[in-house]
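Down below is the structure, laid out as structure tokens.
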Amino acid sequence: MTAFASSECEVEGYTLIWEIRSVNHRYLDVSPRLPEIFRTIEPLVREAVGKRLKRGKVDCNLVYRKQKQGEESIEINQARLKQLLTATSKIETNMEQFQKLSALDILRWPGVQAEVREDLEPVHDGAMLLLNQALEQLIDSREREGANILEMVDSRCELIQEQMDIAKTRLPEVQGLLREKLEKKIKDLMDEPEQARLEQELVYFLQKMDVEEELDRLESHVKEVRRILHQEEPVGRRLDFLMQELNREANTLGSKSADIQTTNVSVELKVLIEQMREQIQNIE
């Protein structure tokens, strides 16, 4: 389901910003995009999203900025400095001319400045808390869109029911016309009996007359769609399956159609089902 959420906060001298986007997808596909210092929380990010969402392609982008906190101290690696000074002294005794190293040159030497390790655990915890806040916003957005989709799908179910009522009302008249054609065919065939041809014609007309089963199944599927729409659990895949079943019955109804009005009903049903199917791709 298409949605977007963004959250921002300050933690331990860092400004953190989460941006989460979700688009339609058949399954859940989580794509975290994290700065290097936050790589260790990637499994936690995937787990947090998986607990809240079941479907969709979800991009989770974390941006951070380190706030300035005045002058930062420089830590000296005393052991490394002693090694460097000892080495330069030995070199100096073996050279006729020797240019002494300045303090700045020494500071630039790899390893002289001790690596200052920050405790990032509070920052990581803050990032996860902020992620959950952003997910709440995302879910709220998806729920609002879901309410609109529910209304749309329910209205299409109502229109499908109307089309089925038209077909059912028309059915006795269609069956009567087919019966007349069948009787005429049988009379013609009896004048010049061909057993195989007679059986073929009987099967053909019986298939054309028997569309009540398709209409009953269509009605049953529509009722099931409406029932599932109001469940609290994820229902997207079940609705996908029902759309396939509805489309199959609408196609069969069209292939059995014996008059233009029933054909029109079949076409209209397939249009309505396709409209529902497109929207149901958004449902979790």
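The values are calculated or read from the model by the stated rules, or taken from the named source; none is laboratory data. All figures in this text were calculated on a predicted structure; none of them were measured in a lab. Because the Cβ atoms are built from the backbone with ideal geometry, glycine has one as well, and the counts that use them run over all protein chains shown. Side chains are part of the model used for accessible areas, which takes the heavy atoms of the whole protein and leaves out ligands, DNA and RNA. Shrake-Rupley method; radii C 1.70, N 1.55, O 1.52, S 1.80 Å.
Counting just the residues of the stretch 58-77 that are modelled with pLDDT of 80 or more and open to solvent by 50 Å² or more (accessible area, probe 1.4 Å), which one comes out farthest from the chain's Cα centre (by Cα)?
Our first condition is that a residue be modelled with pLDDT of 80 or more; within the stretch 58-77, this holds for 58-66.
With open to solvent by 50 Å² or more (accessible area, probe 1.4 Å) added as a condition, the list becomes 63-66.
On the way: V63: 24, Y64: 27, R65: 31, K66: 34 Å.
Within the stretch 58-77, the match that is farthest from the chain's Cα centre (by Cα) is K66.
Quick check, is A5 in contact with a strand residue (DSSP E or B) (Cβ under 7 Å, 6 or more places away or on another chain), in contact (Cβ under 8 Å) with a residue 12 or more places away in the chain, under 19 Å from D140 (Cα atoms) and not β-branched (V, I, T)? Walk me through it before giving the result.
Values: in contact with a strand residue (DSSP E or B) (Cβ under 7 Å, 6 or more places away or on another chain): yes; in contact (Cβ under 8 Å) with a residue 12 or more places away in the chain: yes; under 19 Å from D140 (Cα atoms): yes; not β-branched (V, I, T): yes.
Judged against the criteria, A5 is a match.
Check whether at least one residue in the stretch 15-31 is among the polar types (S, T, N, Q), open to solvent by 40 Å² or more (accessible area, probe 1.4 Å) and out of contact with any helix residue (DSSP H, G or I) (no Cβ under 8 Å at 6 or more places or on another chain), and report yes or no.
Yes: one or more hits.
Can you tell me how many residues in the stretch 238-248 are open to solvent by 10 Å² or more (accessible area, probe 1.4 Å) and either under 15 Å from Q163 (Cβ atoms) or touching a helix residue (DSSP H, G or I) at 6+ places or on another chain (Cβ under 7 Å) (or both)?
So the first thing to find is which residues in the stretch 238-248 are open to solvent by 10 Å² or more (accessible area, probe 1.4 Å), and the list is 238, 240-242, 244-245, 247-248.
Right, trim to either under 15 Å from Q163 (Cβ atoms) or touching a helix residue (DSSP H, G or I) at 6+ places or on another chain (Cβ under 7 Å) (or both) and you get 238, 240, 242, 245, 247.
Residues in the stretch 238-248 being open to solvent by 10 Å² or more (accessible area, probe 1.4 Å) and either under 15 Å from Q163 (Cβ atoms) or touching a helix residue (DSSP H, G or I) at 6+ places or on another chain (Cβ under 7 Å) (or both): 5 in total.
When both residues are 6+ apart or on different chains and their Cβ atoms are under 8 Å apart, which pairs have a first residue that lies in the stretch 38-66 and is within 14 Å of G126 (Cα to Cα), and a second that is basic (K, R) and open to solvent by 10 Å² or more (accessible area, probe 1.4 Å)?
L62/R33
When the stretch 255-279 is examined, which residues are found to be open to solvent by 60 Å² or more (accessible area, probe 1.4 Å) and more than 30 Å from the chain's Cα centre (by Cα)?
S255, I260, Q261, N264 - these are the residues of the stretch 255-279 that are open to solvent by 60 Å² or more (accessible area, probe 1.4 Å) and more than 30 Å from the chain's Cα centre (by Cα).
Determine which member of the set E213, E224 is of a type in the set (D, E), assigned to a helix (DSSP H, G or I) and at pLDDT below 85. Break it down into steps so the answer makes sense when it comes.
Details: E224 fails: at pLDDT below 85.
Being of a type in the set (D, E), assigned to a helix (DSSP H, G or I) and at pLDDT below 85 holds for just one of E213, E224, which is E213.
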